[in-house]
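> Quick one: the structure is below, and I'll ask about it shortly.
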Amino acid sequence: MRFLVVSDLHGDLGSVHEAIDHFRPDALLCTGDWGDPEEVAEAEIAAIATHLPLLTTFGNHDPIDLLGRLRNLDGSPILLGQGEVRDFQSLRIAAIGGIWAKSHRKPYYVTDEDVARLAGRVVANGPVDVLLTHACPVGMADLTPGGMHGGQRCFLDANKRIAPRVHACGHVHVAQEKTLRDGRQVLNVGATPDGSAVVIEIGTSGPVARLERFERGAGT
């Protein structure tokens with residue numbers, strides 16, 4: 001089974017369709033930032049979920065209420081709840097959405113305490129194959145276009161505590177990856193409109209992920 005992970009679409013849902021056509025996945029995952037409410041239409045995202053199973057977390061540019069009411073063909077919500085663990089197409093997938101902040105002034109802000117609590121919720125529900133976050137663990141696949149670290153310690157702590165086989169994130173718009181000593185992977189999807197994505201396939205020892213590129217407009 002092949003999973004495609006996209007991120008940071010910012011209203012360019014055409015890039016998702018092009019990536020699907022290129023990689024031919026069995027299911028789609030998203031680390032967030034579909035676009036601000038005025039950038040995306042409900043019908044656009046709903047159409048993707050009728051094409052193949054979809055699971056997403058949210059970032060800081062998302063119509064969260066819209067994502068929360070959309071469903072896959074089997075009736076399951078496309079939006080993973082905060083700290084939820086779901087069996088999805090042969091993988092156990094968890095999510096911690098949003099970006100780090102010191103307050104809750106925005107609905108997509110999560111604090112250190114929030115991330116720690118949500119990580120504990122995930123761990124209480126058993127092992128996880130794939131962790132989806134929008135924000136990045138500091139020092140792991142978190143370099144910004146300017147070469148600075150854009151991740152946070154709380155997401156690093158969550159990664160260590162949950163210990164997913166694959167941790168997919170986004171936010172900084174730079175595709176990059178890190179393989180840990182125990183073989184676990186942290187991959188930043190980058191910005192899919194720029195032609196980057198992550199492909200996850202099920203190997204003999206579990207999910208294995210890789211960064212991929214695709215040429216925009218190649219099928220037109």
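The values are calculated or read from the model by the stated rules, or taken from the named source; none is laboratory data. Please read these numbers as outputs of a predicted model, since none were measured by experiment. As a convention, Cβ positions derive from the backbone with ideal geometry for all residues, glycine included, and neighbour counts pool all protein chains shown.
> In the range 120-137, which residues are over 18 Å from ALA175 (Cβ atoms), in contact with a helix residue (DSSP H, G or I) (Cβ under 6 Å, 6 or more places away or on another chain) and assigned to a loop (DSSP other than H, G, I, E, B)?
Answer for the range 120-137, where residues must be over 18 Å from ALA175 (Cβ atoms), in contact with a helix residue (DSSP H, G or I) (Cβ under 6 Å, 6 or more places away or on another chain) and assigned to a loop (DSSP other than H, G, I, E, B): just VAL128.
> Would it be correct to say that ALA46 is at pLDDT 95 or above, outside any loop (DSSP other than H, G, I, E, B) and closer than 26 Å to VAL174 by Cα?
no
> Test of understanding: among VAL130, VAL123, VAL40, which residue is touching a strand residue (DSSP E or B) at 6+ places or on another chain (Cβ under 7 Å) and either β-branched (Val, Ile, Thr) or at pLDDT 95 or above (or both)?
So the residue among VAL130, VAL123, VAL40 that is touching a strand residue (DSSP E or B) at 6+ places or on another chain (Cβ under 7 Å) and either β-branched (Val, Ile, Thr) or at pLDDT 95 or above (or both) is VAL130.
> Give me the pairs, please: first residue somewhere in the range 149-171 and surrounded by 24 or more Cβ atoms within 10 Å (Cβ to Cβ), second residue anywhere and in a loop (DSSP other than H, G, I, E, B) and polar (S, T, N, Q), beta-carbon distance under 7 Å, and either six or more positions apart or on two chains.
Pairs found: ALA168/THR31; CYS169/THR31; GLY170/SER7; GLY170/THR31.
> Answer yes or no: is there a residue in the range 145-162 that is over 13 Å from GLN82 (Cβ atoms) and touching a Lys or Arg at 6+ places or on another chain (Cβ under 7 Å).
Checking the range 145-162: not a single residue is over 13 Å from GLN82 (Cβ atoms) and touching a Lys or Arg at 6+ places or on another chain (Cβ under 7 Å).
> Return the only residue of ALA124, ALA101, ALA119 being under 16 Å from the mean Cα position of the chain (by Cα) and aliphatic (A, V, I, L, M).
ALA119
> OK, next. Small (Gly, Ala, Ser) and crowded, with 19+ Cβ neighbours inside 10 Å - does that describe any residue in the range 99-118?
For the range 99-118, residues small (Gly, Ala, Ser) and crowded, with 19+ Cβ neighbours inside 10 Å: absent.
> If you don't mind, another one. Restricting attention to the range 15-69, which residues are of a type in the set (Gly, Ala, Ser) and touching a residue at least 24 places away in the same chain (Cβ under 8 Å)?
Result: SER15, ALA19, ALA27, GLY32, GLY35, ALA46, ALA49, GLY59.
> Also: List the number of the failed condition for ASP157; all other conditions in (1) assigned to a loop (DSSP other than H, G, I, E, B); (2) over 27 Å from HIS10 (Cα atoms) hold.
Only one criterion in (1) assigned to a loop (DSSP other than H, G, I, E, B); (2) over 27 Å from HIS10 (Cα atoms) is unmet by ASP157, namely (1).
> If you scan the range 39-71, which residues turn out to be of a type outside the set (A, V, I, L, M, F, W, C) and crowded, with 18+ Cβ neighbours inside 10 Å?
PRO53, THR56, THR57, GLY59, ASN60, HIS61, ASP62, PRO63, listed by residue number.
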